[in-house]
């Protein structure tokens with residue numbers, strides 16, 4: 001089964017992608033991971049991407065498309081794959097059609113209000129990496145494991161979260177329309193508990209009990 005996962009920052013795509021890949025026995029293709037791998041292995045496309053990154057520029061669509069095409073040609077993708085982070089734009093989706101067929105697109109849907117509350121309330125321990133949410137801290141400000149003072153990451157601050165969501169809505173949401181027209185979208189309520197969300201995804205893929 002060839003899958004794409006869509007959803008805004010903080011929707012839980014990564015968590016669900018890992019579980020779905022384990023269940024279906026397919027590789028998770030994260031664009032960040034394959035980009036770093038291509039650069040590390042000094043492939044031609046990796047070197048092309050590095051030239052942009054070194055200048056502080058975004059890697060253009062043409063290079064990202066080539067890197068994804070290379071990765072999907074690997075033997076472990078013969079029985080299916082899950083794309084996480086690609087495509088990000090309709091142009092990338094159109095290019096993907098040229099070298100891969102998609103069976104379903106999972107859209108993990110969470111409202112902006114829920115995401116801002118979920119992410120801006122997150123606190124992390126700078127020492128051990130423990131993660132907490134203010135709704136469950138009951139006023140505590142230190143890590144229960146090591147006693148360090150918890151902090152809020154810059155990218156979890158409300159204004160930053162809203163900025164990231166604005167980029168998502170502008171660039172990636174048009175993909176929902178693109179894949180809806182092709183009958184591939186499976187909308188999942190991402191605000192429900194993690195296990196319930198996973199079960200809903202499996203049902204949408206015809207893999208549920």
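A few points about this structure:
- Number of positions in segment 108-127 that are part of a strand (DSSP E or B) and without any contact (Cβ under 8 Å) to a residue 60 or more places away in the chain: 3
- Residue in segment 24-31 that is part of a helix (DSSP H, G or I) and under 13 Å from residue 3 (Cβ atoms) present: yes
- None of 161, 105, 167 is assigned to a helix (DSSP H, G or I) and either in contact with a strand residue (DSSP E or B) (Cβ under 7 Å, 6 or more places away or on another chain) or surrounded by 15 or more Cβ atoms within 10 Å (Cβ to Cβ) (or both) except 161.
- Filtered residues of segment 60-87 (kept if outside any helix (DSSP H, G or I), surrounded by 18 or more Cβ atoms within 10 Å (Cβ to Cβ) and in contact with a helix residue (DSSP H, G or I) (Cβ under 7 Å, 6 or more places away or on another chain)): 81, 82, 84, 85, 86, 87
- Some residue of segment 170-184 being surrounded by 12 or more Cβ atoms within 10 Å (Cβ to Cβ), more than 23 Å from residue 65 (Cβ to Cβ) and at pLDDT 90 or above: no
- Failed item, numbered, when residue 117 is tested on (1) touching a helix residue (DSSP H, G or I) at 6+ places or on another chain (Cβ under 6 Å); (2) crowded, with 16+ Cβ neighbours inside 10 Å: (1)
- Selection from segment 170-202 of residues that are assigned to a helix (DSSP H, G or I) and under 18 Å from residue 12 (Cα atoms): 176, 194, 195, 196, 197, 198, 199, 200, 201, 202
- Residue among 103, 84 that is over 15 Å from the mean Cα position of the chain (by Cα) and either over 17 Å from residue 198 (Cα atoms) or at pLDDT below 95 (or both): 103
- Filtered by the rule that a residue be assigned to a loop (DSSP other than H, G, I, E, B) and surrounded by 11 or more Cβ atoms within 10 Å (Cβ to Cβ), segment 147-156 gives 148, 150, 152, 153.
The values are calculated or read from the model by the stated rules, or taken from the named source; none is laboratory data. Just so we're clear, the structure is a prediction, and the values are computed from it rather than from any experiment. Glycine gets a Cβ as well: all are built from the backbone with ideal geometry, and neighbour counts include every protein chain shown.
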